[in-house]
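Have a look at the structure below before the remarks.
The values are calculated or read from the model by the stated rules, or taken from the named source; none is laboratory data. As the structure is a computational prediction, the values presented were derived from the model and not from experiment. Note that each Cβ is placed from the backbone with ideal geometry, even for glycine, and that neighbours are counted across all protein chains shown.
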Amino acid sequence: MSAALAPDEFQFLADLLKQRSGLALTPDKGYLLDTRLTPIAKANGLADLRELVAKLRANPSAPLAYQVIESMTTNESMFFRDSKPFEQLSKVILPALKERGATSVRIWSAACSTGQEAYSIAMTLKEESLKYPNMKFEIVGTDLAEKVLERARAGIYSQFEIQRGLPITMLMKYFTQRANNNWEINDAIKAMAKFSTGNLLMPFAAAGKFDIIFCRNVLIYFDEKTKSDVMNRLAACMNAPGYLFLGTSETTNALCDKFKVMEEHRGMFTLA
Ligand SMILES: C[S@@+](CC[C@H](N)C(=O)[O-])C[C@H]1O[C@@H](n2cnc3c(N)ncnc32)[C@H](O)[C@@H]1O
């Protein structure tokens with residue numbers, strides 16, 4: 001638990017985060033409150049976390065609450081993370097969709113963070129596009145945190161971010177070097193992905209149906225009930241056969257019977 005908070009204050013923040021973002025904050029992760037929220041308290045002219053809690057208790061729907069929720073998100077991402085899903089997209093899913101006569105394919109990067117996942121999908125599709133002249137693709141990236149979406153829309157990455165996972169051939173083909181060793185993704189790839197705010201705890205049926213969903217490395221922060229609820233709602237917004245990718249340590253097993261594992265393609269799920 002946070003050293004700076006009384007148990008009821010810790011519980012207040014844990015409840016707020018659980019209700020508004022799904023984050024299940026266990027006492028052993030309480031130190032994160034100190035490191036991430038102390039700068040928020042200071043920036044808002046508050047002496048410490050206890051004053052921050054008092055202010056939130058007085059008005060839990062104030063913009064301050066959003067700052068707290070946003071700064072407690074973990075936004076770690078990288079290009080072609082775990083590589084396999086992108087191989088499976090080009091080698092398994094696109095041929096299967098072509099076989100079914102698909103002409104329009106909608107892909108959702110749910111919890112897209114700074115956009116590397118959506119742009120890795122876009123580059124994969126671009127590489128394969130000659131084989132699928134009759135297919136139109138739409139990539140939608142959503143995240144709870146507006147600060148990461150701004151970065152995703154800008155499509156500008158540091159040398160460090162570029163070095164993590166992006167093959168040099170892709171860098172040369174799809175990026176332009178900018179000042180300060182930054183790299184900007186080219187307009188043609190940028191135009192393939194649209195980013196908007198979206199909280200996985202809220203209804204998302206209005207976004208329409210998707211053929212492929214990447215929902216990776218976010219459910220890991222939720223408790224079992226929330227994971228199960230999100231997975232059931234993801235299933236409801238997919239067109240059959242409905243391809244779902246989760247993070248390498250995430251699974252639908254025992255949480256949602258609307259998906260089944262594709263035995264021959266590890267890590268991929270389809271509608272049951
Ligand atoms: C670790 S990143 C994963 C990024 C990317 N999917 C990947 O695997 O590289 C998790 C992201 O989930 C977002 N997030 C957390 N809770 C969320 C929620 N309830 N709804 C939507 N996004 C959420 C965070 O803001 C963060 O950007």
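Values as computed for the structure displayed
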item: Matching residues, segment 72-89, being more than 30 Å from Met135 (Cβ to Cβ) and buried (at least 18 other Cβ atoms within 10 Å of the Cβ); result: Met72, Thr73
item: Flag for Arg36 being out of contact with any Cys (no Cβ under 6 Å at 6 or more places or on another chain) and under 28 Å from Ala205 (Cβ atoms); result: no
item: Number of the condition not met by Ile189 [criteria: (1) surrounded by 18 or more Cβ atoms within 10 Å (Cβ to Cβ); (2) within 16 Å of the ligand (Cβ to nearest atom); (3) among the hydrophobic types (A, V, I, L, M, F, W, C)]; result: (2)
item: Qualifying positions in segment 68-97 - within 13 Å of the ligand (Cβ to nearest atom), hydroxyl-bearing (Ser, Thr, Tyr) and farther than 30 Å from Phe10 by Cα; result: Ser83
item: Restricting segment 83-124 to residues that are in contact with an Asp or Glu (Cβ under 8 Å, 6 or more places away or on another chain) and part of a helix (DSSP H, G or I), the residue that is nearest to Glu70 (Cα to Cα); result: Gln116
item: All positions within segment 34-72 that are more than 18 Å from Val218 (Cβ to Cβ) and not in a helix (DSSP H, G or I); result: Asn44, Gly45, Leu46, Ala47, Asp48, Asn59, Pro60, Ser61, Ala62
item: Boolean, Leu64 is free of Cβ contacts under 8 Å to residues at least 60 places away in the same chain, more than 24 Å from Ala24 (Cβ to Cβ) and away from the ligand (no atom under 16 Å from the Cβ); result: no
item: Total residues in segment 125-140, condition part of a loop (DSSP other than H, G, I, E, B) and touching a residue at least 12 places away in the same chain (Cβ under 8 Å); result: 3
item: Residue list for segment 141-174, restricted to those being touching a helix residue (DSSP H, G or I) at 6+ places or on another chain (Cβ under 7 Å) and in a strand (DSSP E or B); result: Gly141, Asp143
item: Scope segment 16-33; condition at pLDDT 95 or above and either assigned to a helix (DSSP H, G or I) or touching a Cys at 6+ places or on another chain (Cβ under 8 Å) (or both); matching residues; result: Leu16, Leu17, Lys18, Gln19, Arg20, Ser21
item: Criterion: within 13 Å of the ligand (Cβ to nearest atom) and either over 20 Å from Ala122 (Cβ atoms) or not assigned by TED's automatic domain parsing to the domain that holds Gly115 (or both) - qualifying residue of Leu271, Leu255, Leu201; result: Leu201
item: Verdict on Leu37 being within 16 Å of the ligand (Cβ to nearest atom), in contact (Cβ under 8 Å) with a residue 40 or more places away in the chain and surrounded by 17 or more Cβ atoms within 10 Å (Cβ to Cβ); result: no
item: One residue from Lys209, Lys227 being modelled with pLDDT of 95 or more and within 16 Å of the ligand (Cβ to nearest atom); result: Lys227
item: Verdict on Val92 being surrounded by 14 or more Cβ atoms within 10 Å (Cβ to Cβ) and either in the same structural domain as Thr142 (by TED's automatic domain parsing) or out of contact with any Leu (no Cβ under 9 Å at 6 or more places or on another chain) (or both); result: yes
item: For Asn75: the one exception among (1) more than 20 Å from Phe269 (Cα to Cα); (2) in a helix (DSSP H, G or I); result: (2)
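Here is a yes/no grid of residues against (1) surrounded by fewer than 17 Cβ atoms within 10 Å (Cβ to Cβ); (2) β-branched (Val, Ile, Thr); (3) in a helix (DSSP H, G or I):
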site	(1), (2), (3)
Leu200	no, no, no
Ala206	yes, no, yes
Met231	no, no, yes
Ala254	yes, no, no
